[in-house]
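First the structure, in the form of structure tokens, and then the observations on it.
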Amino acid sequence: MLKLVRKHSQLKLVIEAHTDDVGKDDFNLNLSQRRAQSITDWFLARGIDADRLVAVGHGENKPLASNSDEMHRSLNRRVEFRLALDSAAQAMGK
């Protein structure tokens, strides 16, 4: 991902972090935001400009699977990357 973002300066990287539903909603939202920011910081440390990175924490709001058991909850604890053209990211308000 780093090579791709370095090679194509017109791209923005949207980093979206998610949690399962264990714990309080506000805790999970904060946890997911910190996860996304941690990855953003990793890219910043490697020379990617801050205006090309967007960290988004979704908490437990966008599950991939039910949270009925540990196997399914583990699918919801994830980070997703989206690439966007600079103009598209601006249109999204990011």
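Values computed for the structure shown
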| item | result |
| --- | --- |
| Matching strands (runs of 3 or more DSSP E) fully within the chain where at least 1 residues are free of Cβ contacts under 8 Å to residues at least 60 places away in the same chain and under 15 Å from the mean Cα position of the chain (by Cα) | 53-57 |
| Segment 15-42 - residue that is of a type outside the set (D, E, K, R) and in contact with a helix residue (DSSP H, G or I) (Cβ under 7 Å, 6 or more places away or on another chain) and, of those, farthest from Met1 (Cα to Cα) | Val22 |
| When residues of segment 1-57 are limited to those that are out of contact with any strand residue (DSSP E or B) (no Cβ under 8 Å at 6 or more places or on another chain), surrounded by 13 or more Cβ atoms within 10 Å (Cβ to Cβ) and of a type in the set (S, T, N, Q), the one farthest from Ala84 (Cα to Cα) | Asn28 |
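Any read-out appearing in this document is the output of simple, stated calculations on the displayed coordinates, not a laboratory observation. Quantities reported herein were computed from a predicted structural model and do not represent experimental measurements. Positions of Cβ are backbone-derived with ideal geometry, glycine not excepted, and every protein chain shown enters the neighbour counts.
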